[in-house]
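Accompanying notes for the structure given below.
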């Protein structure tokens, strides 16, 4: 798809069981917290997120609300939840991928009150169920 423009890998999302512990760990590797926020998931408040940056590498550490957090703890080992690509126009990218028949997971780009002016994102599924996020920082 030659019309689709991906600028660069924006971030890698990692679910964690204790955000403070994970922040401290990544700080020892030279990362700095450049954005913190909270979120709801499935109507449950209490989610926390920290964007950790070292040079041009950004890792999204997020702790789910308690109900979902139990599921992560039961899993036993960590995993990368999604890979996010930076795009200039999330609405255009959404329509382009949807029209091309990709399995888009959201009905429309989702706004989050992250960063200074927020961001919008959506996900598609890859052939093995991996989530690929397309994100525009506003």
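Read-outs throughout are calculated quantities, based only on the coordinates presented, and are distinct from any laboratory measurement. Just so it is clear, the structure is predicted and the values come from calculations on it, not from any experiment.
Of all DSSP bridge pairs formed entirely within segment 8-137, close to 80 percent run antiparallel. Counting only alpha carbon atoms, the long axis of helix 90-99 and the longest principal axis of the chain meet at about 60°. Here is how the number arises for the chain: DSSP H runs of 4 or more residues each give -39500 (n - 2.57), the sum is divided by the residue count, and the result at 222 nm is -6500 deg cm²/dmol. Mean-square fluctuations from a GNM of the chain, with a 10 angstrom spring cutoff on Cα atoms, peak among 53, 98, 116 at 116. Helix 19-28 and the longest principal axis of the Cα set of the chain meet at an angle near 90°. Extension gain for residue 98-residue 110 works out to 2.8 nm (0.36 nm per residue, less the C-alpha to C-alpha distance). Once the Cα atoms are used to define both axes, helix 66-75 deviates from the longest principal axis of the chain by about 90 degrees.
Note on the chain: GNM, Cα springs under 10 Å; of 36, 22, 56, the largest mean-square fluctuation is that of 56. Between 41, 111, 31, the GNM of the chain built on Cα springs shorter than 10 angstrom shows 41 fluctuating the most.
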